[in-house]
1. Would you mind estimating how fast the chain diffuses translationally, via Stokes-Einstein at 4 °C and 1.567 mPa s with the Kirkwood radius over Cα pairs, in µm²/s?
2. Over the range 63-149, what is the mean sequence separation of C-alpha contacts under 8 Å (at least six apart), divided by residue count, expressed as relative contact order in percent?
3. With a cut-off of at most 16 other beta carbons within 10 Å, and DSSP calling the residue loop, which trypsin sites (Lys or Arg not before Pro) in the range 169-260 qualify? Please list them.
4. Would you mind telling me the share, in percent, of accessible area of the range 179-334 contributed by carbon and sulfur at probe 1.4 angstrom?
5. Given Gln294, Asn92, Pro124, which one lies farthest toward the positive end of the charge dipole of the chain, if we put +1 on the Cβ of every Lys and Arg and -1 on the Cβ of every Asp and Glu?
6. Roughly what % of DSSP beta bridges within the chain run antiparallel, to the nearest 5?
7. As I understand it, the value is the acute angle between the Cα axis of helix 11-22 and the longest principal axis of the Cα atoms of the chain; what does it come to in degrees, rounded to 10?
8. Assuming 0.36 nm per residue, please report the length gained on full extension of the stretch Glu299 to Ser279 beyond their Cα-Cα distance.
Amino acid sequence: MTILVTGGAGYIGSHTVLYLKEKGESVVVLDNLITGHRQSVLNDVPFYMGSLHDQELLHYIFQNHNIEAVIHFAGNSLVGESVKDPLSYYENNLGGTLSLLKVMNKNQVKKLVFSSTAAVYGDPKCVPIQEEDPTIPTNPYGETKLAIERMLHWGEQAYDIKSISLRYFNAAGADPEGHIGEQHHPETHLIPIVLQAASGERDKVNVFGDDYPTPDGTCIRDYIHVMDLADAHYCALKKIRNEKKSGTYNLGNEKGYSVKEVIETCQEVTGREIRVEASPKRAGDPAVLVASSQKARKELKWKPKYSNLKDIITHAWNYHSKKEVHHKNMHYVK
Ligand code: UFG
């Protein structure tokens, strides 16, 4: 039996594929390579370049690979972009998942792990955030992910598709061996941006807002190692396999770090000077986002391994500096 990983060439998807292979699972990847990278997927993993909207291709994959379950990452994931172009988010995220569910149902595949987000909560009334707290997204990205969670709920009632939605907080870090890591074009996430400033690929880091109601005035986020996220997907799959139960879980370290603290830790890890500039707030950024992940720890038996921010940044830097050398030698292909 094989697991289909949609979006398996993306940042979190590719780390999950690596992890599943380490666990001895059989995996096949579908990715349209718009934001993913072919070279992030191991060569011995069957790879299909294509879209979730292509029902024929999906049918082909389900029929030819004995698919047991789907881990579904494929989708658009930038908050700012979703505000500028909401329709493409509804089309790709909601429409893509709808297409996938139709084919799963036709092929009697009843297990799904879904990549959701902390953005479903919007601006939280209190932290740490718990799964039953109000979900009031403040952007179309969070809105589409929440709509998918609801669609999965009704999909279970009608078709008995069991699904687990994982609401990630801030994914960060890289494969500790340094084979794969985070590479978005353009990059918008804090840690890779700070590391680019450390390596001289950009001249400074803009700190978006320094008068938030937090101890140092900058936003606080809960950073979670990408390999711990990969492990959570595996724990979720095992829960569906063993208990045939659906659910929704937060994934975070339950500890918040400010933008300033992240920059200081990057400075410490890299040993390089990082130029910082105070900039206006980014629209829609909540001051503090910290997860309660008690439910995942208890029910999924999930235990993050790399909860220390320094370890997370060290792994990201290992990958980043390796990439830097490749880049200089012109061996690195986008
Ligand atoms: N930040 C800066 N400068 C930068 C980039 C980011 O100051 O150049 C700040 C942001 O304002 C924010 C923090 O660093 O306070 C983290 O920003 P990221 O862009 O790295 O991550 P977000 O918290 O905005 O986004 C994450 C996930 C999204 C999810 C969102 C939920 O990446 O998928 O949390 O709010 F939707």
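The values are calculated or read from the model by the stated rules, or taken from the named source; none is laboratory data. Nothing here was measured: the structure is a model prediction, and the numbers come from that model. Reconstructed Cβ throughout: ideal geometry from the backbone, glycine too, with neighbour counts over all protein chains shown. Each accessible area value is taken on the protein alone, full model and side chains, heavy atoms only, with ligands, DNA and RNA left out. Shrake-Rupley method; radii C 1.70, N 1.55, O 1.52, S 1.80 Å.
1. Working: Rh = 20.2 Å.
Translational diffusion coefficient: 64 µm²/s.
2. Working: 97 pairs, mean separation 34.2, N = 87.
Relative contact order of the range 63-149: 39 percent.
3. Values: sites: Arg202, Lys204, Arg221, Lys238, Lys239, Arg241, Lys244, Lys245, Lys255, Lys260; in loops: Arg202, Lys204, Lys244, Lys245, Lys255.
Of the trypsin sites (Lys or Arg not before Pro), the ones in loops of the range 169-260 whose Cβ has at most 16 other Cβ atoms within 10 Å are Arg202, Lys204, Lys244, Lys245, Lys255.
4. Values: 3910 of 7720 Å².
Its accessible area is 51 percent carbon and sulfur atoms.
5. Checking the options against the dipole of the chain, the answer is Gln294.
6. Details: 2 of 40 bridges.
Just about 5 percent of them are antiparallel.
7. Rounded to the nearest ten degrees, it is 60.
8. Values: separation 20, 0.36 × 20 = 7.20 nm, distance 4.14 nm.
That pair, Glu299 and Ser279, stretches by 3.1 nm at full extension.
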